Amino acid sequence: MVESARRRPSRKGSMADMPQNLLDQIKELEELFTVDQARLKQIVNHFVKELTKGLSKEGGNIPMNVTWVLGFPTGEEKGSYLALDMGGTNLRVCEVVLSEEKGEFDITQSKYRIPEELKTGGSDDMWEYIADCVQQFLEYHHEGETLSELPLGFTFSYPATQDYVDHGILQRWTKGFDIDGVEGEDVVPMLSAALAKRKLPIKIVALINDTTGTLIASAYTDTDTKIGCIFGTGVNAAYMENAGSIPKIEHYNLPPDTPVAINCEYGAFDNDHVVLPMTPYDIIIDRDSPRPGQQAFEKMTAGLYLGEIFRLVLLDLVDNKNQLIFQNQDVSKLRKPYTLDSSFLSAIEEDPFENLSETQDLFERTLDIRVNKPELELCRRLAELIGTRAARLSACGVAAICTKKNIRSCHVSADGSVFTKYPHFKERGARALREILDWAPHEDDKVTINAAEDGSGVGAALIAALTLERAKAGNLVGIKQKLC
Ligand code: BGC
C-alpha cells in the first residue's frame, strides 16, 4: 500500500460518503457508549463509597478481600521459590531466585494454555491438569535432582476469602470459569492434594491474587507504586490499607497503622446497577453469562467481553434495525457467542490504512463477511467507542482508590492483555484520570498508570518470602499452617 493511503491522524473526513441511515446509527451508538466527564465523576463518587463499604463489617458489592500481605518487601528477601499462576487463559509455572544482591532476581518459566473444556468441567480434572504442569516443569528443569521442599506462591486470580494468607475460599468463579465443586471451598488443600499425589516436594505458603502480586512486585523496584491493577481478561486492583481503616478485621487488634494489602475485587462494582451506564448489550452479556448479576464493572471493561459487546451490536443492526448492515451476507459465524475476542477490536483500531483494508480482510477471514466501505467505517467507530468506554471506566477504579486514600500523586502498576496490547488504552485512561482528578492544564499527570513488573512470578515469590520471614519471626497473624 502506498504511503498516501496511510491513515490520517483524524478519520473525521472519512465519514463524508456515509449514507444518512448509517450516520444516524453511529450517532446513536456514540450516545450509548460515551461516558462524559460528569458521569465519570459520578461513578467515582459512588465507587469511593462502595470501596469503604466493602471494608466495613456489613460488607457490600465490592468484596475488599484482606490478603494478609502485611507490608512491602525490603529488597532483602532471598531464596528460591516456585510460583504458579492460574490466569484466565494460561497457566504459568515459574522458579524465581531472589538473589543476594538487593532487589535482583532470576526467573525460569514455562507457560501452558488452559484447555477450554477444563474451564467448565469438574474440579478434579482441573487440579490434575495443574499438578501435571508443575510436575513437567520440575522434571524438565531439575531432572535427576533430589529436591528439598520448595515453597510455592499460588496466584489464583479469582475472588477468595482469606482468613489466612495460605488459605482461600473461592467466593465465585469469574472470567467465564464455571468449575463444579470449588465455590465455597478452600482451594489450597485441593491443589496441595493433587501435588502430594504426585509426590512433588512442594509446600503452598501463600495464595495470591494477581493484583496483589503486581502491587508487591512493582513496589519492589519502584517505591512510588501504590496500586497494582489488572486490565486483562478480568479487571481488578489491590492497594495497601491501614488496619485501622478496616473495621471487618478489628477483632485481630492489629496496630492501626499496620499496612494490609487489600484485593479489592472491584470487578463487582455496581452489581446493583446504580451508576454504570449499561447499554442493552451489557444487559445481554450479563443475562447470558454463567454468573448473572455478578461482575457488573468487569463485564463492561474487561478483555473477555469487549469483542462480545461488539458482536452483539453488529447482530442487533442486522436483526433488529432493518438489516442496516451486511445485506445479503451469510452472518451465521457472527451468531456464535464469544466468537470475537478483544484482539479483533485491537486489530480494527490498529488498521493503518485509510480504506480500512486490513479490517475488511479480518472480517472475511474470521466471519466470512464481505464488508463495504461505509460498514467498515461504522465498525471502526464502534470499536473505538467500546475501547474508549472501557479505558475511561477503568480509570474510575484507579481514581476511586486514590480519592479514598487521599493519594495526590503515585505510580499505578498495571498488567493484563488489554493494558499491554489494546491500542490507545493507556492514553484514553490517562485522559479520563485527568478529567476526574481535575489537574490544571499546565500540570503533568500526577497519577500515572505504567506497565508492571512480573506480578505472578516475582510478586508471588516475594509474597512467599515475606510470609516465611513473618513465620520465622513468630508473627503468625493470618498464617494457617506451620511453615517453619
Ligand atoms: C478476578 C480477580 C482478578 C481479575 C484480573 C477478576 O475476574 O475476580 O481476582 O484479579 O479478574 O485477573
inquiry  = Just to check I understand the Karplus step: with θ = phi - 60° and J = 6.51 cos²θ - 1.76 cosθ + 1.60, what whole-Hz values come out for the stretch 111-118, glycine and proline as x?
reply    = 10, 10, 6, 7, x, 3, 5, 5
task = Note down the relative contact order for the chain as a percent, whole number, built from C-alpha pairs under 8 angstrom at least six residues apart.
result = 22 percent
message = How big is the dipole moment of the stretch 200-332 about its Cα centre under a simple scheme where the beta carbon of each Lys and Arg is +1, that of each Asp and Glu is -1, and everything else is neutral? Debye, nearest 20, please.
response = 220 debye
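For E241, what charge total do you get from the other residues with a beta carbon under 12 Å from its beta carbon, if Lys and Arg give +1 and Asp and Glu give -1?
+3
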request  = Express in Å², to the nearest 10, the accessible area of M278 obtained by rolling a 1.4 Å probe over the protein heavy atoms while all chains stay in place.
outcome  = 60 Å²
message = If each DSSP helix of 4+ residues adds -39,500 (n - 2.57) and the sum is divided by the residues in the chain, what number results at 222 nm, nearest 500 deg cm²/dmol?
response = -12500 deg cm²/dmol
key: the stretch 444-484, accessible area per residue, ligands and nucleic acids excluded (1.4 Å, Å²)   = 44 Å²
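Rounded to the nearest 5, what % of DSSP beta bridges with both residues in the chain are antiparallel?
The answer is about 60 percent antiparallel.
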query = With the dipole of the chain worked out from charges on the C-beta (+1 for Lys and Arg, -1 for Asp and Glu) around the Cα centre, which of F326, L433, G474 lies farthest toward the positive end?
reply = L433
remark   = Expected vector for the stretch 468-484, Karplus 3J(HN,Hα) from phi with 6.51, -1.76, 1.60 and θ = phi - 60°, integer Hz, x for Gly and Pro, equals 5, 4, 5, 4, 4, 7, x, 8, 9, 4, x, 10, 8, 7, 7, 9, 7
message = Suppose every Lys and Arg Cβ carries +1 and every Asp and Glu Cβ carries -1, with no other charges. What dipole size does the chain come out with about its Cα centre, to the nearest 20 debye?
response = 860 debye
remark   = Heavy-atom accessible area per residue of the stretch 74-129, all protein chains kept, 1.4 Å probe, expressed in Å², is 49 Å²
task = Using a 1.4 angstrom probe on heavy atoms only, work out the carbon and sulfur share of the accessible area of the chain in %.
result = 48 percent
query = For the stretch 325-397 and the stretch 47-92, what is the separation of their Cα centres, given in Å?
reply = 35 Å
key: Long-range amide H partners of F105 with built H, under 5 Å   = S99
task = Highest first, please rank the peptides 381-391, 203-213, 301-311 by the mean number of other Cβ atoms sitting within 10 Å of their residues.
result = 203-213, 301-311, 381-391
task = Give, as a single signed number, the net charge of other residues whose beta carbon lies under 11 Å from the beta carbon of V66, with Lys and Arg counted +1 and Asp and Glu -1.
result = -1
key: Long-range amide H partners of A206 with built H, under 5 Å   = L152, F154
Options S14, P189, Y164, ranked by Cα towards positive dipole end of the chain, top entry (Cβ charges) = S14
ask   = Which lysines, on any chain, are close to K321 with Cα under 24 Å apart, when same-chain ones fewer than 8 places away are left out?
value = K27, K333, K336, K373
key: I227 long-range amide H proximity, modeled H, under 5 Å   = S413
inquiry  = Straight-line reach from K299: which aspartates and glutamates fall under 14 Å, measuring Cα to Cα and dropping same-chain residues less than 8 apart?
reply    = E265, D270, D272, D282, D286, D288, E308, D341
ask   = Going from most exposed to least, what order do T359, T420 have by accessible area with a 1.4 Å probe?
value = T420, T359
Cross-link pairs K111/K482; K102/K421; K78/K405; K57/K404 - those with Cα-Cα distance over 24 Å = K111/K482; K102/K421; K78/K405
message = Once you order the gyration tensor axes a ≥ b ≥ c over the Cα atoms, which shape class does the stretch 308-389 get: rounded for a/c under 1.5, otherwise prolate or oblate by comparing a/b with b/c?
response = rounded
ask   = What list of ³J(HN,Hα) couplings, whole Hz, do you get for the stretch 90-102 from phi and the Karplus terms 6.51, -1.76, 1.60, once you set θ to phi - 60° and write x for glycine and proline?
value = 10, 10, 10, 10, 10, 10, 10, 10, 7, 8, 5, 5, 4
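The values are calculated or read from the model by the stated rules, or taken from the named source; none is laboratory data. Quick caveat, the model's predicted, so the values are computed rather than measured. Don't worry about glycine lacking a Cβ; one is built from the backbone with ideal geometry, like all the others, and counts go over all protein chains shown. Ligands, DNA and RNA are excluded from the accessible area calculation, which covers all protein heavy atoms including side chains. Shrake-Rupley method; radii C 1.70, N 1.55, O 1.52, S 1.80 Å.
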